[in-house]
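This report refers to the structure that appears directly beneath it.
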Number of protein chains: 2
Amino acid sequence: MNERLINAFAQIVGTENVRSSQAELLAYSYDATANFQAKPDLVISPNTTEEVAGIVKLCSKEQLPIVPRGSGTNLAAGTVPTSGGVVILFNRMNRIVELDMENLTITVQPGVITQDICSFVEQHGLFYPPDPSSMKISTIGGNVNENSGGLRGLKYGVTKDYVKALTAVLPNGELIKTGGKLAKDVAGYDLTALLVGSEGTLGIITEITLKLIPMPASKKTGIAYFNSLEDAAKTVSAIIANKIIPVTLEFMDKGTIGAVEDFMKIGLPRDAEAMLLFEQDGDEEMVIRDTKRMIEIAVDNGATSTALAASNEEADVLKTGRRVALSALSRKRPTTILEDATVPRSEIAKMVKEIQEIAVRHDVQICTFGHAGDGNLHPTCLTDVRDQEEMERVERALDEIFEAAIRLGGTITGEHGVGEMKAPYLEWKLGPSGIQLMRAIKESIDPQNIMNPGKIFAKSTKKRLVLQNA
Amino acid sequence: MNERLINAFAQIVGTENVRSSQAELLAYSYDATANFQAKPDLVISPNTTEEVAGIVKLCSKEQLPIVPRGSGTNLAAGTVPTSGGVVILFNRMNRIVELDMENLTITVQPGVITQDICSFVEQHGLFYPPDPSSMKISTIGGNVNENSGGLRGLKYGVTKDYVKALTAVLPNGELIKTGGKLAKDVAGYDLTALLVGSEGTLGIITEITLKLIPMPASKKTGIAYFNSLEDAAKTVSAIIANKIIPVTLEFMDKGTIGAVEDFMKIGLPRDAEAMLLFEQDGDEEMVIRDTKRMIEIAVDNGATSTALAASNEEADVLKTGRRVALSALSRKRPTTILEDATVPRSEIAKMVKEIQEIAVRHDVQICTFGHAGDGNLHPTCLTDVRDQEEMERVERALDEIFEAAIRLGGTITGEHGVGEMKAPYLEWKLGPSGIQLMRAIKESIDPQNIMNPGKIFAKSTKKRLVLQNA
């Protein structure tokens, strides 16, 4: 990028907030996605919405791509500067603007860490439920752009269910304010919902108002192991059929249980085919009743062992396995590809079975854990990107996993986003008319295609880009 | 409309499902909105999604406007065929397609009456919470197109929070299927959320999958009267500050209380400035505790009288006043204009006060009731459209009400939609860049502007169309 342009950006945000050294550009050339990398031309840290608008106007004039980036925990290459251009960081826009106790909302800048929001509101007896596994590192801006999910989705929904209002800079540099501190608002199209999960392709979100709810009075955790996937799946169905909606209902398969045990050595039953971890929150009587009932249901459906935590400390012990699942799996091989094919809750057993068969067929190692109550599975492929032959088998296996998810009424991504990595599969879910509709929306709002170009919409279809790049 | 075209439509749906007599066209020339009327050219009742696609293709070819219509209970002239064209009725597409007990979803055609869905799922211990006041007459297709709210919005949200998947015919006649029976799905833009509340301007919804939840075990109702609006508003704030989220928290002002008493003669306190009606549902212990606490909070904040229903029958008695509010008001004058300016919950007292002062200033009769917990107020103007001079004062008063709602951080419509009636005010809420963004989306999806033209987007701005037509 030439000096004239760098100086122009520096005039907007100050010289110290513009980075252009090769080392700095390299640091923002990747995110948490294996095997995707591209260097930006400039990295800029604005401090206000107005500075963001200034950057966007200049990028629009110069036709420069813009990639908004939180903490870069994206798992679908959504924050990789695929076409170069300007990375906008929100590390300086990290203020809690307002906690409104009367309307139960909190207004924040995009750079606030999600966990910090949860901790802050908890001091006031309030609760922000969405809890993506990355929440200790990831920013709320990233969560909103990706419509992040988490473990509490079954009972409490996902990020979009809590976003009440947004301030955003449109691709032409104009500001919009959507929504409000309102329980109800039907003034035209739901622009808030359109921006949430749009992966930075429609505008730059610069302020977010979130809905809060009262903190539940208590919570309780239980665990159950099963000798068959079907028994675990029957337990999930029976819990729902008993009209219990637990706050979390997590799943790990045999491979994941084994990896956790290898890592932690805490005495997990290696011969179990499946583990279910469940938590209920709310009023104490209800929590006790629901968790006891869930243990009974698990036993009735063939659980080989169960445990109900008597204290928060015991609950933490029960939750250890699920919490470390990804770390444990990541240690096995040089490359971890974490997917999130999602199916209707009723299809979980079928889906996990298919994943296991696909792994055997292509001789690749895939372990599955995830959010059973949501049908949101994380088949995790343990591999090595340096081995081209193995990666081709991985490619074919993941293709078949997505194909199976769609066939079972599911989707290619439950909570990670499409990004660059899953763009080639999007048409499988949406069909040509769905893709065409999304493209029409994108083109109408960002005719220059400067907002995070190369994301969501694939150049080609049905080819995994990771291999094209490999 | 010429015979050739009528025959072409008849070929798609059968002669008996095409209506073109003047009497029939007149019957579909208005909805529940006072003073808006325009005759369609044809009224068609398709039976399948494919027939809808056939109709839309033909309309696209002939550049004919299409107005989808449920039961015509719209209060913003959203289903008036403003530009003529074809009205599509869903009276034959009124089947419940599937109840899925494992995934807790119900799939329905758009013509099903909303109350029928609630009653049907209740037999299976399930609950569809959105409850617009029109639910005994209105169709689910209308509710989805308008993103209808209702009395239970505070705790359970509105229609959009329950729509999981849609089948829709796009303006070019192509089919799309959005979403799925999925708790989580981030595969591209949220087209489901874009279509919900789009008032028939982006496509024709032909199948809907709704999320259900377990039916709460019990519910309980209480009521409180106050000598000042501030005391009622303080009670609302204190309930929330006590971390209670009741299922309903309804409000009536003095004028509405008086109108109900005139109508029903059930002994309501005519001197009260405000009434709050509240209901909690859920586990019995929690319900008893919350409702008792709400009564205490009301008393602490100056309630002059309170009552807690001991049975469902007693609850029905307490709810009578709120239930008949609109009917009672409608009997007072020839024309009833029901608005739904909405503000943040914290601004309710200010807003009601402003409405009362505006009414006095313009010498018009406006009574207010609504959903206090949601800040969703229904200022109801009792007038006579035949009196041009009075209507001009009504016009100015409603202008000021919308201006006040926006100034207090609110919106021009909480649950009724924009339609034709509120289109001139939309820019007040969204600003020029918001309107421009919505127009860009509309034009990208419906470049011919055949989908319910004249709705949401006003020809002019800041002028109430009701007067232009009067």
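Would you please calculate the Kirkwood hydrodynamic radius of the range A:218-407 over all C-alpha pairs and express it in Å, rounded to one decimal?
Evaluated over the range A:218-407, this radius sits at 16.8 Å.
Tell me, A:Lys219, A:Lys455, B:Lys422, B:Lys353 in order of fewest to most beta-carbon neighbours within 10 Å?
Listed from fewest to most nearby Cβ atoms, that is B:Lys353, A:Lys219, A:Lys455, B:Lys422.
Given that compact globular proteins tend to follow 2.2 N^0.38 Å, what is the ratio of the alpha-carbon Rg of the range A:50-114 to that value?
Details: Rg = 14.7 Å, N = 65, 2.2 N^0.38 = 10.7 Å.
Cα-based Rg divided by the globular estimate yields 1.37.
Distances from A:Leu26 to the same residue in each other copy, label points 7 Å out along Cα→Cβ, in nm, shortest first?
In ascending order, 8.2 nm.
Tell me, what HN-Hα J-couplings in whole Hz come from the Karplus equation 6.51 cos²θ - 1.76 cosθ + 1.60 at θ = phi - 60° for each residue of the range A:47-59, using x for Gly and Pro?
Using θ = phi - 60°, the values come out as 10, 9, 4, 5, 5, 4, 4, x, 4, 5, 4, 5, 4 Hz.
Once phi is turned into θ = phi - 60°, what whole-Hz ³J(HN,Hα) does the Karplus curve with 6.51, -1.76 and 1.60 give for every residue of the range B:420-431, x standing for Gly and Pro?
With coefficients 6.51, -1.76 and 1.60, one gets 8, 5, 9, 3, x, 9, 4, 5, 4, 7, 9, x Hz.
In the structure shown, do any of B:Lys57/B:Lys211; A:Lys254/A:Lys353; A:Lys155/B:Lys181; A:Lys57/B:Lys184; A:Lys39/A:Lys160 have a Cα-Cα gap over 23 Å, and if so which?
B:Lys57/B:Lys211; A:Lys57/B:Lys184; A:Lys39/A:Lys160, as the Cα separations exceed 23 Å there.
Taking H placed 1.01 Å from N in the peptide plane, check which residues at least 5 places from B:Glu273 or on another chain put their amide H under 5 Å from its amide H.
B:Phe226, B:Asn227, B:Ser228
If you take each beta carbon of peptide B:190-200 and count the beta carbons of other chains within 10 angstrom, what is the mean?
That works out to 5 on average.
Relative contact order (percent) for the range A:97-159, with alpha-carbon contacts under 8 angstrom and 6 or more residues of separation?
30 percent
At a temperature of 10 °C and a viscosity of 1.306 mPa s, determine how fast the range B:301-401 diffuses translationally according to Stokes-Einstein, using the Kirkwood radius over alpha-carbon pairs as Rh; express D in µm²/s, rounded to the nearest whole number.
Details: Rh = 15.0 Å.
Using the Kirkwood radius from Cα pairs, D works out to 106 µm²/s.
Once the mean 1/r over all distinct Cα pairs of the range A:3-89 is inverted, what Kirkwood radius in angstroms do you read off?
Numbers: mean 1/r = 0.0775 Å⁻¹.
Result for the range A:3-89, one decimal place: 12.9 Å.
Copy-to-copy spacing for B:Thr304, label 7 Å out on the Cα-to-C-beta vector, in nm, shortest first?
From this label point to the equivalent ones elsewhere in the assembly: 7.1 nm.
To the nearest 500 deg cm²/dmol, what mean residue ellipticity at 222 nm is calculated for chain A from DSSP H runs of n ≥ 4 alone, each contributing -39,500 (n - 2.57), summed and divided by the residues? If you can, show how the numbers build up before the last one.
On the way: 15 runs with 175 residues, N = 470.
Calculated mean residue ellipticity at 222 nm is -11500 deg cm²/dmol.
Less than 17 Å apart at the alpha-carbon level, and either on another chain or at least 8 residues along: which lysines does that give for A:Lys459?
Of all the lysines, those that pass the test against A:Lys459 - Cα under 17 Å, at least 8 places apart if same chain - are A:Lys422, A:Lys429, A:Lys442.
Can you list the copy-to-copy distances for A:Arg386, using a point 7 angstrom from Cα toward Cβ, in nanometres, shortest first?
The projected label point of A:Arg386 is separated from its counterparts by 9.1 nm.
In what order do A:Glu98, A:Glu146 fall by count of nearby beta-carbon atoms within 10 Å, going from fewest to most?
Values: A:Glu98 11, A:Glu146 32.
Taking fewest neighbouring Cβ atoms as first place, the list is A:Glu98, A:Glu146.
Given the convex hull of the Cα atoms of the protein assembly as shown, what is a quarter of its surface area in nm²?
Over every viewing direction, the Cα hull of the protein assembly as shown projects on average to 37.6 nm².
Would you mind checking which residues have amide H under 5 Å from B:Thr206's amide H? H placed 1.01 Å from N; only 5 or more apart, or other chain.
B:Thr167, B:Ala168, B:Val169
Can you run the Rg to Rh ratio on chain A? Use alpha carbon positions and the Kirkwood inverse-distance Rh.
Dividing the radius of gyration by the Kirkwood radius yields 0.97.
I'd like the Karplus ³J(HN,Hα) series for the range B:118-124: coefficients 6.51, -1.76, 1.60, θ = phi - 60°, whole numbers in Hz, and an x wherever there's a Gly or Pro.
So the Karplus estimates, Gly and Pro as x, are 4, 5, 5, 6, 4, 4, 9 Hz.
Ratio of alpha-carbon Rg to the 2.2 N^0.38 Å globular estimate for the range A:186-278, to two decimals, please.
It is 1.62.
Please list, ordered by chain and number, the residues whose modelled amide H lies under 5 Å from the amide H of A:Thr33; skip anything fewer than 5 residues away on the same chain.
Those lying under 5 Å, H to H, from A:Thr33 are A:Ala77.
Quick check on the exposure proxy: order B:Tyr225, B:Tyr425 from fewest to most C-beta atoms within 10 angstrom.
The fewest-first ordering by Cβ neighbours comes to B:Tyr225, B:Tyr425.
Every read-out reported here was derived from the displayed coordinates using simple, explicitly stated rules and does not represent laboratory data. Small disclaimer: the values here were computed from a predicted structure and weren't measured. Quick reminder, even Gly has a Cβ in these numbers, built from the backbone with ideal geometry, and neighbours come from all protein chains shown.
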